[in-house]
Structures are given as C-alpha cells and as structure tokens.
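**Q** So that we are looking at the same thing, I have put the structure below in structure tokens.
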Amino acid sequence: RVVMACRSVERGRAAKRDVAAAAGDAAVTVGELDLADLDSVAAFANWYRDEYDSLDVLCNNAGVMAIPRSETSDGFETQFGVNHLGHFALTGRLLDALRAADGEARVVTQSSGVHERGDVDFEDLHGEDDYDKWAAYAQSKLANVLFAYELDRRLRADGEAVTSVACHPGYADTSLQSRGPEQSGSRLRLLAMQAANAVFAQSAERGAWPLLYAATHPDIDGGEYVGPGGLLNMRGHPERQSASDRSTDDALARRLWSVSEDLTGVTYDLPSPEPRA
C-alpha cells in the first residue's frame with residue numbers, strides 16, 4: 001500500500017494511472033503535500049493519521065535544485081525550506097505513525113553527491129545576504145544527511161524500532177536539472193543540461209534504485225548511506241557508501257536540529273544522544 005504525497009494532485013493522479021497500468025492490483029492513494037508550506041505539511045500529516053493506523057516506510061524524496069533565489073510561504077529560502085525543513089517537519093509529525101508500525105519502520109532521506117561540497121551557513125542560512133544557487137543546494141543536501149544521521153542516533157537512544165537511512169540517486173535523467181535554467185530563462189544552460197543528461201545520466205527508474213534499496217533491503221541498518229556503485233557513483237546498482245566527513249559531525253547535526261525545530265515549530269519526542277568521543 002503506497003501513499004503518494006504530491007504537490008500537484010493532478011500529476012500525482014496521472015502517476016497513479018501509470019502505476020495501475022503496470023500493476024493493476026497496486027493499492028495507491030494520492031495525497032496533497034507541498035513541502036514549501038508548513039501548513040500543508042501539517043494538513044497532510046493530520047489526514048494521514050486519520051486515514052491510517054501506522055507507517056512502515058517514509059521516503060523523503062522531494063527536492064529542488066539550483067534555482068534562482070525564492071522563498072517558501074513561511075519565508076525560508078526555497079531549497080533549504082523544501083529539501084530539508086519540509087522533510088524535517090513532515091517526519092516529526094509522522095513519528096507516532098512510524099512508531100506504530102508492526103516491526104521495524106524506516107525513514108529514508110534522499111540526499112545528493114553534491115552534499116560533499118556543502119556547509120551550513122548559520123549566519124546566512126536563507127541566503128539573504130549572499131545567495132549562490134549551487135551553494136544553497138549543497139547546503140540543503142548536506143542538511144539531509146545530517147538530519148538522517150542525527151534522527152537515527154536519537155531513535156537509537158530512545159530504543160525505538162524505527163531506523164533512519166540516507167541515500168542519493170547518482171545522476172538520474174529527470175526534470176530536476178531543467179528547473180533552474182527554466183526559471184532563470186537561460187536557454188543555453190537548459191540545452192547544456194539536456195545534453196549532459198543524455199550523455200552521463202542513468203534513467204529516472206534506475207535513479208530510484210538506491211532509495212528503494214535503502215527502504216526495503218533487510219540488511220540495511222540505521223545510519224547507513226546508499227548510492228549507485230558505478231562510474232563516479234553517478235550510476236549503477238545500489239551499494240553502501242560513505243557520506244562526507246562533515247555529515248558525521250555530531251555538533252553540527254545537533255545545532256542544525258535545534259535550528260530546524262525553532263524554524264518549523266515541530267519538536268520530536270526523542271532524547272538528544274550523548275556526544276561521541
């Protein structure tokens with residue numbers, strides 16, 4: 001049973017029809033969720049909890065990449081707001097449903113290899129003073145891994161039967177790459193992205209493999225990082241990998257967690273783990 005949480009319900013219903021055509025007996029429901037709007041996040045979580053008793057796997061997969069600066073409805077820089085804060089708020093609001101799962105439940109958060117270039121600029125978190133679209137994207141993707149690891153540490157400290165895993169898709173041919181050039185009106189960059197997709201990218205279907213592997217493989221443990229194991233980790237079959245050294249910085253993760261709670265107003269009923277030596 002799959003719930004597709006979609007910003008565009010119309011596009012979600014079209015995807016549902018595709019699923020039905022490929023697997024007619026699939027139980028698929030479309031729910032409206034805009035991660036750029038914390039009210040929408042709360043409404044979706046309330047709807048889910050009213051409809052379902054539990055949640056086995058939460059896939060935090062939404063994202064925007066390298067777009068001109070804009071803000072969410074709550075005043076967050078859009079890449080940080082959608083890619084990290086929206087997922088942080090959603091996971092927190094669905095934590096009780098995950099706890100109610102029969103057996104182990106998992107939270108899988110999609111990052112990117114670009115997280116290795118990221119840092120978290122707490123002095124200008126939303127790029128109000130100095131905005132670079134790729135630096136903002138890298139910051140949001142580093143935040144994804146920091147969140148996934150810190151969530152797993154807190155779940156372990158509380159003895160929960162819920163684990164948290166991070167993953168990345170490599171280089172997948174989707175519409176993600178075209179959004180930035182389209183929004184900035186750069187025809188040249190759009191053509192360059194399309195050419196790069198044609199030469200280097202794997203299919204969108206294969207780009208989903210690491211997330212599905214992280215979500216369903218019985219031997220994946222909490223706190224792991226999964227990505228494609230082929231050329232430059234851009235394509236190929238999924239495998240366990242190592243994220244950047246910065247993503248394992250406990251102090252950085254705890255500070256990001258605290259800031260995320262303050263910004264979203266969503267707090268987790270989980271203990272803060274003792275710092276590692």
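**Q** Give the long-range amide H neighbours of Gln241: residues separated by 5 or more places, or on another chain, with amide H under 5 Å away, using H modelled in the peptide plane at 1.01 Å from N.
**A** Tyr225, Val226, Gly227
**Q** Could you compute how much accessible surface Tyr137 exposes when probed at 1.4 Å, giving the result in Å² to the nearest 10?
**A** 10 Å²
**Q** Can you figure out the FRET efficiency of Ala23 with Asp96, using R₀ = 25 Å and their beta-carbon distance, to the nearest 0.05?
**A** The formula returns an efficiency of 0.25 here.
**Q** Using mean Cβ contacts within 10 Å as the protection proxy, how do 75-86, 59-70 order, highest first?
**A** 75-86, 59-70
**Q** Something else: Taking just the alpha carbons, could you work out the radius of gyration and Dmax for the chain, both in angstroms?
**A** Rg, Dmax (Cα atoms, Å): 18.0, 53.
**Q** Could you work out how far the C-alpha centroid of the stretch 42-81 sits from that of the stretch 216-277, in angstrom?
**A** That distance is 18 Å.
**Q** Still on this structure: Which residue fluctuates the most in the chain, going by a Gaussian network model with Cα springs under 10 Å, if the choices are Val162, Val108, Val28?
**A** Ranking Val162, Val108, Val28 by mean-square fluctuation puts Val28 first.
**Q** Sticking with this one: Quickly work out the Leu191-to-Asp219 label distance, labels modelled 7 Å from Cα along the C-beta direction, and quote it in nm with one decimal.
**A** Modelled inter-label distance: 4.8 nm.
**Q** Can I ask one more? Where in the stretch 83-166 are there GluC sites (Glu not before Pro) that are in a DSSP coil and have at most 15 other Cβ atoms within 10 angstrom of their Cβ? The partial results should precede the final answer.
**A** Values: sites: Glu104, Glu116, Glu123, Glu128, Glu150, Glu160; in loops: Glu104, Glu128, Glu160.
Counting only loop positions with at most 15 other Cβ atoms within 10 Å, the GluC sites (Glu not before Pro) in the stretch 83-166 are Glu104, Glu128.
The values are calculated or read from the model by the stated rules, or taken from the named source; none is laboratory data. Not measured: the values here are computed from a predicted model. Using ideal geometry, Cβ is built from the backbone for each residue, glycine included, and neighbour counts are taken over all protein chains shown. Each accessible area value is taken on the protein alone, full model and side chains, heavy atoms only, with ligands, DNA and RNA left out. Shrake-Rupley method; radii C 1.70, N 1.55, O 1.52, S 1.80 Å.
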